[in-house]
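So the structure is just underneath, and the comments pick up after that.
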Amino acid sequence: MTDSRPPICSYEGSDYQTSFWEQGGRSYEDQAEALALKRLLPPGGELLLELGAGAGRNTTRYTGYKQVVLLDYSLTQLQQAVERLGRTQQYIYIAADIYKLPFVDGLFDTATMIRTLHHMADPQAALKQIHNTLQPGAIFVLEYANKQNLKAIMRFLTRRQAWSPFTTESVEFEKLNFDFHPEAVRTWLKECGFDLQNQLAVSYFRLGVVKRTIPLTLLIRLERWLQTTGSVCQLSPSVFTRSYAQGSTPKAQVGTFFKCPVCGASDLKPQRMNILCQGCSREWAIRDGIFDFRIETT
């Protein structure tokens with residue numbers, strides 16, 4: 001049987017948190033994203049879903065939430081998150097495919113997806129899955145890699161780049177690494193049941209020479225002002241959006257949480273170090289406190 005799901009980009013075995021963020025000279029990008037999250041997220045809530053959580057770089061920024069679900073396809077990334085954050089009641093670690101989310105409908109009051117959509121070969125399918133998990137009126141904060149950024153525009157105008165930043169189709173610049181046009185993302189959000197409320201233009205100064213020349217404190221001051229221009233135009237390499245989930249999906253019943261990503265049944269029972277689906281008898285492993293709902297590809 002052929003698996004019809006889109007291909008998945010996995011960071012399994014990667015030292016991404018260390019090599020890219022901690023040792024990669026990206027303090028500016030990290031603080032710029034922290035500023036955007038602070039602007040767009042509600043001060044608190046009950047249950048937040050962090051999609052593409054990785055090693056938990058942003059997780060400690062969700063301090064106002066009673067519980068945070070860290071979801072990533074990579075088991076090793078989540079293991080690093082456990083090492084950083086610990087095993088507490090506040091955090092739930094889940095390895096799963098974003099195209100087959102293992103949650104009942106209407107579960108979360110907030111969701112974030114930062115530096116993750118750009119790995120989606122079928123972004124609309126991912127957004128539909130996310131919408132299903134959200135309660136009506138839930139907040140969804142999405143970040144995406146912007147095709148129509150100033151660097152791409154200058155490269156195109158000087159003929160150093162073949163593809164146009166002004167057309168709405170996605171650009172795959174490396175395997176499973178996509179840049180998206182703002183108009184396309186806005187259309188997808190609307191089609192998938194989201195009401196877009198705000199846009200921020202993030203990390204204009206993502207150039208090595210700029211970061212080496214200008215002090216970080218000054219860059220963040222400039223960033224604080226420039227982000228607000230995203231409501232008018234989006235020319236930055238990264239764009240953050242805040243949307244509300246629309247629709248008639250009822251809030252999940254108390255006591256429900258997981259659903260089987262294979263058959264959709266919500267009757268799952270713990271059994272030793274596994275979770276057993278009563279609908280299809282499929283067993284899902286619990287590996288050192290991480291729920292593993294990944295479906296093998298064929």
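Descriptive notes on the structure:
- Looking only at residues in region 165-209 that are out of contact with any helix residue (DSSP H, G or I) (no Cβ under 6 Å at 6 or more places or on another chain) and among the small types (Gly, Ala, Ser), the one that is nearest to residue 136 (Cα to Cα) is 184.
- A single member of 247, 208 is closer than 26 Å to residue 28 by Cβ and touching a residue at least 60 places away in the same chain (Cβ under 8 Å), and it is 208.
- Inspection of region 28-43 identifies at least one residue that is farther than 24 Å from residue 110 by Cβ and either under 17 Å from the mean Cα position of the chain (by Cα) or not polar (S, T, N, Q) (or both).
- Residue that is touching a residue at least 24 places away in the same chain (Cβ under 8 Å) and more than 28 Å from residue 140 (Cβ to Cβ), where the choices are 242, 294, 287: 287
- Selection count, region 90-133, where residues are in a strand (DSSP E or B) and within 23 Å of residue 202 (Cβ to Cβ): 4
- Count of residues meeting criterion [more than 20 Å from the chain's Cα centre (by Cα), charged (D, E, K, R) and surrounded by 13 or more Cβ atoms within 10 Å (Cβ to Cβ)] in region 142-160: 2
- Residue within region 258-267 that is charged (D, E, K, R), within 22 Å of the chain's Cα centre (by Cα) and not in a strand (DSSP E or B) present: yes
- Close Cβ contacts (under 6 Å, 6 or more residues apart or on different chains) running from residues in region 42-57 that are in a strand (DSSP E or B) to residues that are of a type in the set (Gly, Ala, Ser) and crowded, with 23+ Cβ neighbours inside 10 Å comprise 49/111.
- Annotation note: Cβ proximity below 7 Å between a residue of region 171-182 that is in the same structural domain as residue 114 (by TED's automatic domain parsing) and a residue that is charged (D, E, K, R) and outside any strand (DSSP E or B) (sequence gap 6+ or interchain) occurs for 171/147; 179/147; 180/147; 181/147.
- So residue 62, is it crowded, with 17+ Cβ neighbours inside 10 Å, closer than 22 Å to residue 87 by Cβ and either outside the structural domain of residue 74 (by TED's automatic domain parsing) or out of contact with any Leu (no Cβ under 9 Å at 6 or more places or on another chain) (or both): no
- Only one of the numbered conditions (1) among the aliphatic types (A, V, I, L, M); (2) loosely packed, with under 15 Cβ neighbours inside 10 Å; (3) within 21 Å of the chain's Cα centre (by Cα) is violated by residue 254, and that is (3).
- Which listed residue is within 23 Å of residue 135 (Cβ to Cβ), touching a strand residue (DSSP E or B) at 6+ places or on another chain (Cβ under 9 Å), modelled with pLDDT of 95 or more and surrounded by 14 or more Cβ atoms within 10 Å (Cβ to Cβ), from 227, 246: 246
- Residue 48 modelled with pLDDT of 95 or more and surrounded by fewer than 20 Cβ atoms within 10 Å (Cβ to Cβ): no
- Selection of region 5-24 for residues being part of a helix (DSSP H, G or I) and either at positive phi or among the charged types (D, E, K, R) (or both) yields only 22.
Residues checked against (1) of a type in the set (S, T, N, Q); (2) crowded, with 19+ Cβ neighbours inside 10 Å; (3) touching a helix residue (DSSP H, G or I) at 6+ places or on another chain (Cβ under 7 Å):
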position: 12; (1), (2), (3): no, no, yes
position: 32; (1), (2), (3): no, yes, yes
position: 55; (1), (2), (3): no, yes, yes
position: 72; (1), (2), (3): no, yes, yes
position: 79; (1), (2), (3): yes, no, no
position: 84; (1), (2), (3): no, no, no
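- The one condition from (1) out of contact with any Lys or Arg (no Cβ under 6 Å at 6 or more places or on another chain); (2) of a type in the set (Ser, Thr, Tyr); (3) at pLDDT 95 or above that residue 99 does not meet is (1).
The values are calculated or read from the model by the stated rules, or taken from the named source; none is laboratory data. Remember, it's a predicted structure, so these values are computed and weren't measured experimentally. Cβ atoms come from the backbone with ideal geometry, glycine included; neighbour counts cover every protein chain shown.
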